[in-house]
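Structure, as structure tokens:
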Amino acid sequence: MTQTLVVGFGNVYRRDDGVGFVVLNALRERMGRLPLDLDECGYDDLGHELDTLFVHQLVPELAETVAQYDRVIFVDAHVGVIPDPIREEEVTARYKSATVSHQLHPCSVLALARDLYGGRPRGVLLSVRGYDFDFGDELSPQTAALVSECVDRILAETMGETG
């Protein structure tokens, strides 16, 4: 059994930057699980074949949890410099500078999991196009329209489903 952790990250109060949270809850709904509340991260619901966590930013402490999985899928928002509505890329364990908005890059989380805890999960980053990063807690219509496709990709990756 391959254990997978899906980590959504971003700021739920900056509209499309919170797409990771919305994707996790849509995924949880498809799996028949209760959604996370805004004040929940999901640590108290780990232990499934497919687990979900939401964090405001990627921090070194996440490496201990990540090290326990075979595969980790990171979900975040990207701005218009990436042409794809949803960019999927392999993430390898190495130390890499982070973007301005998040403390660590997913590559660095995997490197810490390897170096500190001996974990070697396969990593994937699903980056969803954001259009509006102003203050607010709802996604723009354009980003909201990408949530279902992102969930489909996660399920295809983890369970062979296409939604």
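Identify, by number, the condition in (1) surrounded by fewer than 21 Cβ atoms within 10 Å (Cβ to Cβ); (2) part of a helix (DSSP H, G or I) that Leu110 doesn't meet.
It is condition (1) that Leu110 fails.
Looking at (1) out of contact with any strand residue (DSSP E or B) (no Cβ under 8 Å at 6 or more places or on another chain); (2) surrounded by 20 or more Cβ atoms within 10 Å (Cβ to Cβ); (3) among the aromatic types (Phe, Trp, Tyr), which is the one condition that is false for Phe74?
Of everything listed in (1) out of contact with any strand residue (DSSP E or B) (no Cβ under 8 Å at 6 or more places or on another chain); (2) surrounded by 20 or more Cβ atoms within 10 Å (Cβ to Cβ); (3) among the aromatic types (Phe, Trp, Tyr), Phe74 misses just condition (1).
Could you please tell me which pairs satisfy a Cβ distance under 8 Å, a separation of 6+ or placement on different chains, a first residue in segment 2-31 that is within 19 Å of Gln68 (Cβ to Cβ) and touching a residue at least 24 places away in the same chain (Cβ under 8 Å), and a second residue that is surrounded by fewer than 19 Cβ atoms within 10 Å (Cβ to Cβ) and of a type in the set (Lys, Arg)?
Short answer, once both residue conditions are applied: Thr2/Arg71; Gln3/Arg71; Thr4/Arg71; Leu5/Arg71.
Within segment 147-160, can one find any residue that is surrounded by fewer than 17 Cβ atoms within 10 Å (Cβ to Cβ), over 21 Å from Val66 (Cα atoms) and over 18 Å from the mean Cα position of the chain (by Cα)?
Checked against the condition, which is being surrounded by fewer than 17 Cβ atoms within 10 Å (Cβ to Cβ), over 21 Å from Val66 (Cα atoms) and over 18 Å from the mean Cα position of the chain (by Cα), segment 147-160 yields at least one hit.
If you scan segment 33-64, which residues turn out to be over 20 Å from Arg114 (Cα atoms) and loosely packed, with under 13 Cβ neighbours inside 10 Å?
Leu34, Asp37, Leu38, Asp39, Tyr43, Asp44, Gly47, His48, Glu49
Since Asp76 meets every condition but one in (1) touching a Phe, Trp or Tyr at 6+ places or on another chain (Cβ under 9 Å); (2) without any contact (Cβ under 8 Å) to a residue 60 or more places away in the chain, which condition does it not meet?
(2)
Answer yes if at least one residue in segment 66-73 is at pLDDT below 95, of a type in the set (Gly, Ala, Ser) and farther than 24 Å from Asp152 by Cβ, and no otherwise.
no
Could you list, in sequence order, all residues of segment 17-51 that are under 30 Å from Gly80 (Cβ atoms), in contact with a helix residue (DSSP H, G or I) (Cβ under 7 Å, 6 or more places away or on another chain) and not in a helix (DSSP H, G or I)?
Of everything in segment 17-51, those that are under 30 Å from Gly80 (Cβ atoms), in contact with a helix residue (DSSP H, G or I) (Cβ under 7 Å, 6 or more places away or on another chain) and not in a helix (DSSP H, G or I) turn out to be Pro35, Leu36.
Exposed (fewer than 12 other Cβ atoms within 10 Å of the Cβ) and modelled with pLDDT of 85 or more, is that true of Arg94?
So Arg94 passes the test.
Is it the case that segment 70-80 has a residue that's in contact with a Ser or Thr (Cβ under 8 Å, 6 or more places away or on another chain), assigned to a helix (DSSP H, G or I) and of a type outside the set (Asp, Glu)?
no
If I filter segment 87-99 for residues that are touching a residue at least 40 places away in the same chain (Cβ under 8 Å) and within 12 Å of Gly10 (Cα to Cα), do I get at least one hit?
No - not one qualifying residue is present in segment 87-99.
Would you point out the residue of segment 1-56, among those that are more than 17 Å from Ala144 (Cα to Cα) and among the polar types (S, T, N, Q), that is modelled with the lowest pLDDT?
Filtering segment 1-56 for residues that are more than 17 Å from Ala144 (Cα to Cα) and among the polar types (S, T, N, Q), the one modelled with the lowest pLDDT comes out as Thr2.
The values are calculated or read from the model by the stated rules, or taken from the named source; none is laboratory data. Keep in mind the model is a prediction, meaning the values are calculated, not measured. Cβ atoms come from the backbone with ideal geometry, glycine included; neighbour counts cover every protein chain shown.
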